[in-house]
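Enquirer: Take this structure, written in structure tokens, and hold onto it; I'll ask about it next.
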Amino acid sequence: MTVPGGRRGGAVTIADLRAAARRRLPRMVFDFVDGGAEDELTRNDNEAAFRRLTFRPRVLVDVSERPQAVTVLGRELATPVVLGPTGLMRMVRHEGELAAAAAAERFGTVSVQSSGSSVSLEDVAASVTSPQWFQLYPWGDRRTVENLIGRARDSGYEAMVVTVDVPVVGAREKDLRNGLTVPPEVSPRTGWDLVRHPAWLAGLLSHPRPTYANFVGLMPDARGTSGLAAHTNGLLNPATTWRDLEWMIRRFDGPVLLKGVMTADDARLAVEAGCQGGAVSNHGGRQADSVPAALDALPEVVAEVGHLADVLLDGGVRRGGDVVKALALGAKACLVGRPWVYGLAAGGTPGVERVLEILRDEIDRTLALIGRPGVASLDETALSRDFASSVVSLLTT
């Protein structure tokens, strides 16, 4: 399936790609991609937070040029959108994480490759010419962590993103009700759901089965993919502390961004530990529920460390206008996760490219319509007066 851009019948918005993904994927796989933890309050509020915020447009401004380039962790990006880390993407489509790296390279940005990816770090790095970023969970086994960091460094990954909001696995209740397994198995409980999506099923059966590619060979006692899944979940370490992070930073010896920061206190500690950046993130609402929307937490973090580190926003971005709002609040760029997976499901690598094309074009159009000649001109004055005044108050107290 191709995903034509901007033509009749094509995907015009991220919502169109989500709808296409929903049609193509079995329910259990779509829910794995789209769902959140428990009652999904945080998952939904991540998106609603952007709708609560409005622009304050200016007119008769020369917006004939509207550059989007930003610099994050020393890397110049052509657009302020980074493809965030998502694991097991060959469960969605056979290209998996390779599609994110290829699309990011084509659009002059970067993808963050998950340590739980279904394509190995080495294979992703070899598939493109521009360096990607590597994501790491602070597993409890230091030998495993050291192995992954060393492989990422040797493969040319230029930055490391450490995700710290998963001390235990969140309660994704849709996955439990659907009987999701890794990889999905045909059983009396799941069979009809799988076979009524023949294109997806044919792709699954005609390509290597999804697995945790970076852990193959590291865990000889784990039996098959389901064994690897259980073993990696067992490596999650609720005893991880800032000292463990400092050790990881020393081992990588390159730029590090901490993903999962939601408070000024933790942002400050991240910088003190040696991080050059932080992603304000609640894991897309897939971990703790009833925590604030990422956008609502962004001003606090920017006020604390925005002058010391690169702050990114992760969670709820579905429009280019959302990216503009986040940048107006002080973010350097936005991570997107579900949107690029919708694109992958809908159309493979061209579908992921379409995601970046949509967001790039919407950012450009929004800048023109609110009277801002490029992302460098964005600040809190681009937002409605009531919200802007509250942000200014926060930044000056």
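The values are calculated or read from the model by the stated rules, or taken from the named source; none is laboratory data. A quick note: this is a predicted structure, and the numbers were derived from the prediction, not measured. Using ideal geometry, Cβ is built from the backbone for each residue, glycine included, and neighbour counts are taken over all protein chains shown. These area figures cover heavy atoms from the full protein model, side chains too; ligands, DNA and RNA do not enter into them. Shrake-Rupley method; radii C 1.70, N 1.55, O 1.52, S 1.80 Å.
Enquirer: Taking the options 341, 317, name whichever one is within 12 Å of the chain's Cα centre (by Cα), crowded, with 23+ Cβ neighbours inside 10 Å and not in a helix (DSSP H, G or I).
Expert: Criteria check complete, one pass: 317.
Enquirer: Can residue 266 be described as open to solvent by 20 Å² or more (accessible area, probe 1.4 Å), out of contact with any helix residue (DSSP H, G or I) (no Cβ under 7 Å at 6 or more places or on another chain) and within 25 Å of residue 168 (Cα to Cα)?
Expert: Values: open to solvent by 20 Å² or more (accessible area, probe 1.4 Å): yes; out of contact with any helix residue (DSSP H, G or I) (no Cβ under 7 Å at 6 or more places or on another chain): yes; within 25 Å of residue 168 (Cα to Cα): yes.
For residue 266, the condition - open to solvent by 20 Å² or more (accessible area, probe 1.4 Å), out of contact with any helix residue (DSSP H, G or I) (no Cβ under 7 Å at 6 or more places or on another chain) and within 25 Å of residue 168 (Cα to Cα) - is met.
Enquirer: Looking only at strands (runs of 3 or more DSSP E) that lie completely in region 1-108, which have at least 2 residues being surrounded by 24 or more Cβ atoms within 10 Å (Cβ to Cβ) and of a type outside the set (Ser, Thr, Tyr)?
Expert: Working: elements: 70-72, 75-77, 81-83.
Result: 81-83.
Enquirer: Could you check region 146-178 and list, in sequence order, the residues that are polar (S, T, N, Q) and more than 19 Å from residue 241 (Cβ to Cβ)? Steps first, please.
Expert: Initial filter on region 146-178 (polar (S, T, N, Q)): 147, 155, 163, 178.
Matches in region 146-178: 147, 155, 178.
Enquirer: Do we have residue 225 as at pLDDT below 95, farther than 23 Å from residue 95 by Cα and not basic (Lys, Arg) here? Let's see the steps before the verdict.
Expert: Working: at pLDDT below 95: yes; farther than 23 Å from residue 95 by Cα: no; not basic (Lys, Arg): yes.
Considered against the rule, which asks whether it is at pLDDT below 95, farther than 23 Å from residue 95 by Cα and not basic (Lys, Arg), residue 225 comes out as no.
Enquirer: Tell me, please, whether a residue that is free of Cβ contacts under 8 Å to residues at least 40 places away in the same chain and in contact with an Asp or Glu (Cβ under 9 Å, 6 or more places away or on another chain) can be found in region 301-308.
Expert: Taking every residue of region 301-308 in turn, none turns out to be free of Cβ contacts under 8 Å to residues at least 40 places away in the same chain and in contact with an Asp or Glu (Cβ under 9 Å, 6 or more places away or on another chain).
Enquirer: Of the residues 142, 90, 151, which is of a type in the set (Lys, Arg) and touching a helix residue (DSSP H, G or I) at 6+ places or on another chain (Cβ under 6 Å)? Don't jump to the end; show me each part of the working.
Expert: Numbers: 142 fails: touching a helix residue (DSSP H, G or I) at 6+ places or on another chain (Cβ under 6 Å); 90 fails: touching a helix residue (DSSP H, G or I) at 6+ places or on another chain (Cβ under 6 Å).
Testing whether each residue is of a type in the set (Lys, Arg) and touching a helix residue (DSSP H, G or I) at 6+ places or on another chain (Cβ under 6 Å) leaves just 151.
Enquirer: Another question about this same structure. When the residues of region 169-181 are narrowed to those that are among the aliphatic types (A, V, I, L, M) and surrounded by fewer than 20 Cβ atoms within 10 Å (Cβ to Cβ), which ends up nearest to residue 261 (Cα to Cα)? Before the answer, list the steps.
Expert: So in region 169-181, the residues among the aliphatic types (A, V, I, L, M) come out as 169, 171, 176, 180.
Checking the rest, the ones that are also surrounded by fewer than 20 Cβ atoms within 10 Å (Cβ to Cβ) come to 169, 171, 176.
Working: 169: 17, 171: 20, 176: 27 Å.
Selected residue: 169.
Enquirer: Residue by residue through region 117-151, note down the ones that are out of contact with any Ser or Thr (no Cβ under 6 Å at 6 or more places or on another chain), surrounded by fewer than 22 Cβ atoms within 10 Å (Cβ to Cβ) and assigned to a loop (DSSP other than H, G, I, E, B).
Expert: 120, 128, 129, 130, 131, 139, 140, 141
Enquirer: Same structure, new question: Within region 270-287, which residues are open to solvent by 50 Å² or more (accessible area, probe 1.4 Å) and within 24 Å of residue 115 (Cα to Cα)?
Expert: Kept after step one, since they are open to solvent by 50 Å² or more (accessible area, probe 1.4 Å), are these residues of region 270-287: 272, 276.
The one that is open to solvent by 50 Å² or more (accessible area, probe 1.4 Å) and within 24 Å of residue 115 (Cα to Cα): 276.
Enquirer: What is the one condition in (1) in a loop (DSSP other than H, G, I, E, B); (2) among the hydrophobic types (A, V, I, L, M, F, W, C); (3) buried (at least 19 other Cβ atoms within 10 Å of the Cβ); (4) touching a helix residue (DSSP H, G or I) at 6+ places or on another chain (Cβ under 6 Å) that residue 166 does not satisfy?
Expert: (4)
Enquirer: Among the candidates 256, 323, which residue alone is in contact with a Cys (Cβ under 8 Å, 6 or more places away or on another chain) and either open to solvent by 20 Å² or more (accessible area, probe 1.4 Å) or farther than 15 Å from residue 83 by Cα (or both)? Reasoning before the result, please.
Expert: Working: 323 fails: either open to solvent by 20 Å² or more (accessible area, probe 1.4 Å) or farther than 15 Å from residue 83 by Cα (or both).
Being in contact with a Cys (Cβ under 8 Å, 6 or more places away or on another chain) and either open to solvent by 20 Å² or more (accessible area, probe 1.4 Å) or farther than 15 Å from residue 83 by Cα (or both) holds for just one of 256, 323, which is 256.
Enquirer: Only one of these conditions is not met by residue 373: (1) part of a helix (DSSP H, G or I); (2) open to solvent by 30 Å² or more (accessible area, probe 1.4 Å). Which number is it?
Expert: For residue 373, the failing item is (1).
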